[in-house]
């Protein structure tokens, strides 16, 4: 049997109105929660081998809020999280290069090189100084190009050398002179 | 430009070296897959194999940073080292056949194949490896393709693997694919033989001609590497010949034309020049004189030749091994002279056969 609003007594009307308001508040609250939680970002950053995380990777590329929160996580994660100055070093023929600050506990130097041969892939080369531990992760961010987080290859003879296809997101971020590179 | 295709034998599939280039601005040599930004599992080990302080390549080439592209991954072991060494040696001499990943098994622009398995230490000694029989079994499709295309295939194996049981397998394979030859080696040298004077090299010896087999398909011949006393040198040297062609004589019901490839500097695997076709004149002396080294002669049969027609080439009354290309409209026979140590003024006999009966004959003199 169908009952209409006009047929309800006052107490029932109040009960239904209160349920509607509560439901609306829950919906509104749920919409305000970010897609990627801080806990997820922390777990992602602290896991040396996080595997494929397409939702986080997508949010880092496109969502400024997630990018900011992730940088905050990295800064808070541990003392070895390092900011690498983008313009502190220049290497001939390298589209991008940088090295850790003098007061950093680790001596790392990175550079990007274009392959001399088709299909002209890029090499990300990170040289690890003596008495330094090799980084395992790299996060590159730019105001215009977003951010990307890479799991680095294992260092061999003090060098991490990774091949990147020319349309890899890191390439466009590296092209931004105001990029920030964090390695840890 | 043709060249040598190098395949590294593995227990999964023969892995072709697609490309080998210098990357002057990188820090490590890298082994990659299929010309993509994907590293092979042996990449770090490959860097050590090349490196000046731990490896064997850079000390010869004065280059430390290479990119090696492979058609498939090589998961483990060191048996890839002999193939990689040969690839570097050929690449350094400009004789390695490069190709796109999609064409790795098509063997286009390839004039020979080297299939190798062995471990190479820093002094160039070649050490025995395991699973040779399985690697051979996994390469049957490659051998069959090479056989169809009349490409010589040289199997390079460590001397330490020379065992009776393996020999039985190799003999069976060679019976099935006569274009296969086998070289057991114990030591490799990086010397580029093309830089040697075009005279008989002390390290250069060539296998004795194989006795003629039944039919021309059984007369393949490969043996493209020169090996002596367990020392590997790639690419043979040739004695030069000079002059021009002077043909005269009568015609035949079946026409055979010939064209030859020669190289002025003795390098038969690069920069060779092919002549225009000339008709073989039967019952006459066909003189062939060149200023350069004679590498190969092609004999094309008339496409109207009746079934059962074939060619036979003899030197000093001894039949020579010919490669037969049946993929053409009419049969083409290839006489690879760089496989033979022939003195100057060698005299060949060309016999036109019909069901193993000699129908015509001509003489060919190389001056």
Subset tally (residues that are under 27 Å from residue B:151 (Cβ atoms) and at pLDDT 80 or above) for segment B:334-355: 6
Being surrounded by 15 or more Cβ atoms within 10 Å (Cβ to Cβ) and over 18 Å from residue B:322 (Cβ atoms) is the filter here; which residues of segment B:290-301 pass it? B:290, B:292, B:293
Per the list (1) away from every other protein chain (no Cβ under 14 Å); (2) within 17 Å of residue B:67 (Cα to Cα), residue check on residue A:136 breaks on (2)
So residue B:87, is it within 26 Å of residue B:149 (Cα to Cα) and surrounded by fewer than 20 Cβ atoms within 10 Å (Cβ to Cβ): no
From the set of residues in segment A:101-119 that are at the interface with chain B (Cβ under 7 Å from one of its Cβ atoms) and farther than 17 Å from residue A:179 by Cβ, which is surrounded by the fewest Cβ atoms within 10 Å (Cβ to Cβ)? A:119
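Listed here are the residues, each with its yes/no results for (1) at pLDDT 90 or above; (2) closer than 16 Å to residue A:152 by Cα; (3) part of a strand (DSSP E or B).
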residue: A:92; (1), (2), (3): no, no, no
residue: A:98; (1), (2), (3): no, no, yes
residue: A:102; (1), (2), (3): no, no, no
residue: A:105; (1), (2), (3): no, no, no
residue: A:118; (1), (2), (3): no, no, no
residue: A:123; (1), (2), (3): yes, yes, yes
residue: A:126; (1), (2), (3): yes, yes, yes
residue: A:130; (1), (2), (3): no, no, no
residue: A:133; (1), (2), (3): no, yes, no
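So that you can scan it fast, the table gives a plain yes or no per residue for (1) closer than 23 Å to residue A:115 by Cα; (2) without any contact (Cβ under 8 Å) to a residue 60 or more places away in the chain; (3) touching a strand residue (DSSP E or B) at 6+ places or on another chain (Cβ under 9 Å):
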position	(1), (2), (3)
B:12	no, no, no
B:32	yes, yes, yes
B:38	yes, yes, yes
B:88	yes, no, yes
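Here's the yes/no breakdown for (1) part of a helix (DSSP H, G or I); (2) out of contact with any helix residue (DSSP H, G or I) (no Cβ under 9 Å at 6 or more places or on another chain); (3) at positive phi:
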residue: B:135; (1), (2), (3): yes, yes, no
residue: B:146; (1), (2), (3): yes, yes, no
residue: B:150; (1), (2), (3): no, yes, yes
residue: B:165; (1), (2), (3): yes, no, no
residue: B:170; (1), (2), (3): yes, no, no
residue: B:174; (1), (2), (3): yes, yes, no
I'm told residue B:76 meets every condition in (1) touching a residue at least 24 places away in the same chain (Cβ under 8 Å); (2) within 26 Å of the chain's Cα centre (by Cα); (3) away from chain A (no Cβ under 13 Å) except one. Can you identify the failing condition by its number? (2)
Of all the strands (runs of 3 or more DSSP E) wholly in segment B:1-56, which have at least 2 residues that are more than 8 Å from every other protein chain (Cβ to nearest Cβ) and over 17 Å from residue A:160 (Cβ atoms)? B:3-8, B:15-22
Verdict on residue B:71 being closer than 28 Å to residue A:113 by Cα and either crowded, with 18+ Cβ neighbours inside 10 Å or within 14 Å of another protein chain (Cβ to nearest Cβ) (or both): yes
Listed residues A:158, A:129; which is within 30 Å of residue B:53 (Cβ to Cβ) and touching a strand residue (DSSP E or B) at 6+ places or on another chain (Cβ under 6 Å)? A:158
Could you tell me whether residue B:63 is closer than 24 Å to residue A:112 by Cβ and part of a loop (DSSP other than H, G, I, E, B)? yes
Any hit, segment A:120-128, residues being surrounded by fewer than 19 Cβ atoms within 10 Å (Cβ to Cβ) and away from chain B (no Cβ under 14 Å): no
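Residues checked against (1) more than 30 Å from residue B:174 (Cβ to Cβ); (2) crowded, with 20+ Cβ neighbours inside 10 Å; (3) at pLDDT 95 or above; (4) not assigned by TED's automatic domain parsing to the domain that holds residue B:140:
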{"residue": "B:30", "(1), (2), (3), (4)": "yes, yes, yes, no"}
{"residue": "B:47", "(1), (2), (3), (4)": "yes, yes, yes, no"}
{"residue": "B:57", "(1), (2), (3), (4)": "yes, yes, no, no"}
{"residue": "B:97", "(1), (2), (3), (4)": "no, yes, no, no"}
{"residue": "B:108", "(1), (2), (3), (4)": "no, no, no, no"}
{"residue": "B:125", "(1), (2), (3), (4)": "no, no, no, no"}
Suppose we keep only residues that are more than 19 Å from residue A:50 (Cβ to Cβ) and assigned to a strand (DSSP E or B) within segment A:139-158. Which one would you say is farthest from the other protein chains (Cβ to nearest Cβ)? A:142
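The values are calculated or read from the model by the stated rules, or taken from the named source; none is laboratory data. Only a predicted model underlies this, so the values are computations on that prediction, with no experimental measurement involved. When we count neighbours, we look across all protein chains shown, and the Cβ atoms used for this are built from the backbone with ideal geometry, even at glycine.
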